[in-house]
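The values are calculated or read from the model by the stated rules, or taken from the named source; none is laboratory data. Keep in mind it's a predicted model, so treat the numbers as computed, not measured. Using ideal geometry, Cβ is built from the backbone for each residue, glycine included, and neighbour counts are taken over all protein chains shown.
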Amino acid sequence: MLTKFTALAMGVLLSVSAMAVDMATADDMATLTRQAQSGDAVAQVDLAREYYQQGNHAKAVEWITKAAGQGHAGAQYGLGWMYRQGQGVRQDYQKAVEWTTKAVGQGHAGAQYNLGVMYAQG
């Protein structure tokens, strides 16, 4: 009997813990969204990353585009990669080169490498 009770208690504890993690994540997303909506480019990149990891590539593109438009080098690099891969957008090599080149102009090492790869591949 004690074993069944212990198992039940552990199950309830784990369920509540899992719900708390989900609620914290929802709170974090709400905070991140408010910061991103206020124009914070770093928050926009972070929010784009969260949406991308959740599989919502269209929302990821929406937020990373805003940050890239503000001159955030990492966002420009990421947006170029998304255009190159066709992630959340229709594949467009011209836009991939355009955004990657902007990041290169700011000294972004990953963008420098990827731009070289794109030129090497034609």
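Within the stretch 27-34, does at least one residue satisfy the condition of being at pLDDT 95 or above, at positive phi and within 23 Å of the chain's Cα centre (by Cα)? The answer is no; no qualifying residue exists. Quick check: is even one residue across the stretch 63-79 of a type in the set (Val, Ile, Thr), over 16 Å from residue 40 (Cα atoms) and at pLDDT 95 or above? Within the stretch 63-79, not a single residue is of a type in the set (Val, Ile, Thr), over 16 Å from residue 40 (Cα atoms) and at pLDDT 95 or above.
The residue pairs whose first member lies in the stretch 76-103 and is outside any helix (DSSP H, G or I), whose second member is small (Gly, Ala, Ser), and whose beta carbons are closer than 9 Å, counting only pairs six or more residues apart or on different chains, are 87/60; 88/58; 88/60; 89/58; 92/86. Whether any residue in the stretch 38-53 is under 22 Å from residue 90 (Cα atoms), among the polar types (S, T, N, Q) and surrounded by fewer than 19 Cβ atoms within 10 Å (Cβ to Cβ) is what I want to check. Scanning the stretch 38-53 turns up at least one residue that is under 22 Å from residue 90 (Cα atoms), among the polar types (S, T, N, Q) and surrounded by fewer than 19 Cβ atoms within 10 Å (Cβ to Cβ). Check the stretch 40-55 and report whether any residue there is at pLDDT 95 or above, assigned to a helix (DSSP H, G or I) and within 24 Å of residue 119 (Cα to Cα). Scanning the stretch 40-55 turns up no residue that is at pLDDT 95 or above, assigned to a helix (DSSP H, G or I) and within 24 Å of residue 119 (Cα to Cα). Annotation: of all residues in the stretch 70-85 being within 12 Å of the chain's Cα centre (by Cα) and among the aliphatic types (A, V, I, L, M), the one that is nearest to residue 53 (Cα to Cα) is 82.
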